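This report refers to the structure that appears directly beneath it.
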């Protein structure tokens, strides 16, 4: 079966939103280990967390999203690496320079910057960038560049797990296990935005049904599951994660 495609503006906006939501949840789940989400995600708590990690967010975004955007926008990653070396051979590039290269076009880079600022602004005001607001406001572009759905889902899963883990580690709590309810929610909501560009319909209660609705088809669902397994193994090896479910500890 031939895979469908996603406009790179839609993918960039969804991936950027996912980074900020996952990064922040990684911090909040570590600092406030409670199932009371109203207490955990109290606006004052979110504001305080963002202010305390203000200077770390840009570095975390770059470390995770540079590779994500390269893979999203360049069909041949090896060729992109060669072009990158040539592009900056006699320069001292900054993080924005690298991200501009990763986005491939100035317009897509500008859209990414707009999404970055929008997500950050919401968090500094003590709230997440909720789906209805996101769908109305995110930067829609007419760029013809597209990505295959399986690739986009692979990148989304990796973004969520790595951003969540980074936030968790930066919290300073030394927590090394993921909070499974948060991870599952992050995956369902953000994959659905990526693939369907919509809010999930109410009434879909079974977890498997929610994932299938978000992924759109069995091929995409399998990509998600395989990427989850691969990325979790990387986190065990590279970040010292000891469990994908802190309730099992």
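Given the options 121, 29, 209, state which has the largest fluctuation in a GNM of the chain using a 10 Å cut-off (strictly under) for Cα springs.
Between 121, 29, 209, it is 209 that shows the largest mean-square fluctuation.
Sorted by packing (mean other beta-carbon atoms within 10 Å per residue), highest first, where do 48-54, 165-171 land?
Ranked by mean Cβ neighbours within 10 Å, highest first: 165-171, 48-54.
I want to check the label-to-label distance for residue 4 and residue 36. Put each point 7 Å from Cα in the C-beta direction and report it in nm to one decimal.
4.2
Starting with the fewest neighbours, write out 94, 12 ranked by other beta-carbon atoms found within 10 Å of each beta-carbon.
94, 12
By per-residue mean of other Cβ atoms within 10 Å, what is the highest-first order of 19-26, 122-129?
Packing order, densest peptide first, comes out as 19-26, 122-129.
Quick check on the stretch 110-184: take the gyration tensor over C-alpha atoms, sort the square-rooted eigenvalues as a ≥ b ≥ c, and tell me if it's rounded (a/c under 1.5), prolate or oblate.
oblate
Sketch the reach of a paramagnetic label on residue 243 as a point 7 Å from Cα along Cα-to-Cβ, and name the residues of the stretch 138-179 whose backbone nitrogen lies under 18 Å away.
Label zone hits: 165, 168-169, 173-179.
Extension gain residue 233-residue 88, at 0.36 nm per residue separation less the Cα-Cα distance, in nm?
Stretched fully, the residue 233-residue 88 segment lengthens by 48.9 nm.
Using 10 Å bins from zero, what percent of all Cα-Cα pairs in the chain falls into each bin?
Per 10 Å bin, starting at 0, the Cα pair percentages come out as 7, 31, 38, 20, 3, 0.
Among 160, 70, what is the fewest-to-most ranking by other Cβ atoms within 10 Å? Could you put the intermediate results ahead of the total?
Values: 160 29, 70 19.
The fewest-first ordering by Cβ neighbours comes to 70, 160.
Normalised by the number of residues in the chain, what is the relative contact order in percent for Cα pairs under 8 Å and 6+ residues apart?
Result for the chain is 33 percent.
Along the three principal axes, how long is the stretch 37-164 when you take its alpha carbons, biggest first, rounded to the nearest angstrom?
49, 32, 25
What whole-number distance in Å separates the alpha-carbon centres of the stretch 177-220 and the stretch 6-25?
Their Cα centres are 14 Å away from one another.
Want the number for residue 51 to residue 76: 0.36 nm per residue separation, take away the alpha-carbon distance, what's left? Don't skip to the answer; put the middle values down first.
Details: separation 25, 0.36 × 25 = 9.00 nm, distance 3.84 nm.
Between residue 51 and residue 76, full extension yields an extra 5.2 nm.
Computed from the coordinates by the stated procedures, all read-outs in this text should not be read as laboratory data. Since the model is a prediction, treat every value here as computed from it, not as a measurement. Heads up, the Cβs are rebuilt from the backbone with ideal geometry, glycines too, and the neighbour counts pull from every protein chain shown.
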